[in-house]
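Throughout, read-outs are computed from the coordinates displayed, never taken from laboratory work. Predicted model only: the values in this text are computed from it and were never measured. Virtual Cβ from ideal backbone geometry, glycine too; neighbours counted across all protein chains shown.
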Amino acid sequence: MSLTKEKMLEAYATMKKIRLFEEKVAELFAEGKLPGFVHLYAGEEAIATGVCAHLSERDYITSTHRGHGHCIAKGVDINSMMAEVYGKVTGACKGKGGSMHIADVDKGMLGANGIVGAGGPLACGSALMAKTLGTDQVTVCFFGDGAAEQGTMHEAMNLACCWSLPVVFVCENNGYAESTPWGYHCAAKNISDRGVAYDMPGVTVDGTDFFAIYEAAEEAIGRARRGEGASLIECRGFRYYGHFEGDAMLYVTEEEKKRNRARDPIENFKKRAQERELLSAKQIAETDAKVAAIIEEAVKYAEESAWPDSKEVFTDVYVNYP
Ligand SMILES: Cc1ncc(C[n+]2csc(CCOP(=O)(O)OP(=O)(O)O)c2C)c(N)n1
Ligand SMILES: [Mg+2]
């Protein structure tokens, strides 16, 4: 494994940024400050962080409606993310996308996406571009357990394997599609077993274990970069918040919530990193303070930013009317 102490610290900071960003967004949403829906990623931090640790700005990711964690792990500016969630003109998409459509193509973040299962075909597109141009850029496609049952995902996996495209499919199996439990909507025992159908490697890992995810992603991304084709990684975890903010989560028992809390990805990362003397308590405390300041600054930036001018309503959109 290629984990250095620097990478560990970076990974910790990224996971913490995701957690605090989401906690702040939940708070702001409850105060009625944010227009539109938000779907929070807290609990799944180890997945985006463990995977994106192997990517550079030149690589691409496609995302989901639950995209804040993917954006942060791929290096999208936190101020521009917060401003986008507020709908302000300084947002990553000038305030027109909101939480569910944050994109930053310069950072290789091809967009959060309100259409479940839409990231698969997009990932094939950017991977085909890289293959055609002969670059070593890799595309990672994040998708949920619900999205795994969409035809688009099966078509994308088949296409990626037929054309040996540099794609890594990362299924974030958080156990639910909205309120439908995974066991109810999926006939397979493991989503990763579907790799067999397309002749690509598939593995299931603990979606709360940064180290397991980092290792599986290192192998799959290396394979894609060497031109050896696509892979599938299924990460089993949970989300702390409801499907969207406002969802009372009545379909998850208190017992299950308690079990989840005991598997907290950030707490487990801290414990293991300290046991192996790869991170000190001092580094952790310093990082926590730094990250908290970054999030506070992002809120200030968003609140002080202007709303988009009404004249902008027809710019950067596909349809000009009239
Ligand atoms: C094509 C499509 N069908 C249905 C929906 C409504 N919808 C939004 S999120 C969601 C569940 C997605 O579950 P999953 O893929 O497991 O992602 P998670 O929310 O658990 O991260 C559904 C059905 C949609 N947005 N797009
Ligand atoms: Mg899900």
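Worth pointing out:
- Close amide H partners of Ala177, meaning residues 5 or more places away or on another chain with modelled amide H under 5 Å apart, are Trp182.
- Rounded to the nearest whole Hz, the Karplus-based 3J(HN,Hα) values (6.51 cos²θ - 1.76 cosθ + 1.60, θ = phi - 60°) of the stretch 144-153 follow the sequence x, 5, x, 4, 4, 8, 7, x, 4, 5, with x at glycine and proline.
- Listed residues Tyr184, Tyr214, Tyr198, most fluctuating in the chain (Gaussian network, C-alpha, under 10 Å): Tyr184
- With a simple spin-label model that places each label point 7 Å from the Cα along the Cα-to-Cβ direction, the separation between Arg263 and Ala292 comes to 2.9 nm.
- Cβ-Cβ FRET estimate between Cys162 and Lys5, R0 fixed at 45 Å, reported to 0.05: 0.60
- Quarter of the Cα convex hull surface for the chain, i.e. its orientation-mean projected area (nm²): 17.1 nm²
- Relative contact order [Cα under 8 Å, 6+ residues apart], the stretch 5-307, whole percent: 24 percent
- With R₀ fixed at 56 Å, the C-beta to C-beta distance from His154 to Glu277 puts the FRET efficiency at about 0.80.
- Sorting the segments 79-87, 66-74 by their residues' average number of neighbouring beta-carbon atoms within 10 angstrom, most packed first, yields 66-74, 79-87.
- Distance violations [Cα-Cα > 21 Å] among Lys107/Lys131; Lys24/Lys107; Lys33/Lys94; Lys74/Lys258; Lys107/Lys300; Lys74/Lys290: Lys24/Lys107; Lys74/Lys258; Lys107/Lys300
- Lys33 paired with Phe314, simple spin-label distance in nm, labels 7 Å along Cα-to-beta-carbon: 3.5 nm
- Relative to the current alpha-carbon distance between Glu228 and Asn190, full extension at 0.36 nm per residue lengthens the span by 11.3 nm.
- Residues whose placed amide H lies under 5 Å from that of Cys141, excluding near-sequence neighbours: Thr62, Val168, Phe169, Val170
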